[in-house]
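Please read the structure below before turning to the comments.
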Amino acid sequence: MPAVDLDAPLVNQTRGGDASAFEELMRRYEEKVYRLAIGMTKNREDALDAVQDTFLNVYRKIDTFKGESAFSTWLYKIALNSVYMKLRSRSRHGRTEPLEDLEGILDPAKVRILMPSRGWTEKADDALLRKELSGILREAVDALPEEYRAIFTLREVEELSNQQVADILGLSLAATKTRLHRARLFLRQRLSRYLQGNAA
Amino acid sequence: MSHEHRSSEPTCREVFDLLSEFVDGELTDSLRESLSRHLSACPPCEEFLKTFQVTRSLCRESLMETMPDELKVRLRSFLRIQIQKK
């Protein structure tokens, strides 16, 4: 937790019934929560539902926030629970890559297979290909198991620290780092497979 | 990744395992320096690191969505109604 939580004044004012302070907190976090929700659900309406649930719960439960973690950590925990509930209710959670595929990426026997061909990075820089690659990567992120997807989004897109991501997910720091590394390798492998498959 | 290295230096496999901590700046100074030495002497590992970083930056770009204004309006309207019910 940071030494000074920059959200603390707004949290205190919201507790005191100041609606404009709550609005300001919402403005600070709505884009971030939406990105997490859309990244996880891949559906605008589901993402909106999750964002609505998140802020309603934040408002209703703000008196239970004790300040033992950063406010943002507490909020992201609520957001992730809302996202998980939405995924459960729509039964989309089964649509994930088997974990074995991720574990296989760390198999030393496969390291050689993962070696890039020459020109891989140049192709990834090709402006005409970038839109296509973006689609490939979004599909690949969608194929990650939920927990890996959440870790990857919070770390790479929201740029939270590994420790904060671990706190949000209730995982050890070591487990968070391992999952993040596997997710990154998995996504790199998917991109590599596509680029090498399209080699001239 | 078959370069030979001195036994005190990390192997290609160890570099592979430590890449995330390397790019996140979470290694000790001495380990980071060892990895850097390995990477500058081992073209396959160096190339692997490049593609690892390119993937991260493309992913960030692809997932950086903004919340549409229409959804922000609906969010505020929903919360106003719910909070008034309280």
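What the table below lists for this structure:
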| item | result |
| --- | --- |
| Cβ neighbours within 10 Å from other chains - mean over B:68-77 | 4 |
| Estimated FRET transfer efficiency (A:Leu129, B:Arg60; beta-carbon r; R0 22 Å; 0.05) | 0.80 |
| nm² value of the averaged projected area, convex hull over the Cα atoms of region A:12-83 | 4.3 |
| Cα pair count fraction exceeding 23 Å, expressed as % - chain B | 48 |
| Gain upon complete extension [B:Arg32, B:Gln84; 0.36 nm per residue less C-alpha separation] | 13.2 nm |
| Region A:1-43: projected area of the alpha-carbon convex hull, averaged over directions, in nm² | 3.9 |
| About the Cα centre, charge dipole magnitude for chain B (Lys/Arg +1, Asp/Glu -1 at Cβ), debye | 980 |
| Pairs beyond 28 Å (Cα-Cα), from A:Lys86/A:Lys123; B:Lys50/B:Lys72; A:Lys42/A:Lys77; A:Lys61/A:Lys177 | A:Lys86/A:Lys123; B:Lys50/B:Lys72; A:Lys61/A:Lys177 |
| Which of B:Leu63, B:Leu75, B:Thr28, positive extreme of dipole for chain B (C-beta unit charges) | B:Leu75 |
| Per-selection Rg to Rh, region A:127-200 - Cα, Kirkwood hydrodynamic radius | 1.06 |
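Values in this text are rule-based calculations from the coordinates and carry no lab data. A quick note: this is a predicted structure, and the numbers were derived from the prediction, not measured. Cβ sites come from the backbone with ideal geometry, for glycine too, and all protein chains shown count toward neighbours.
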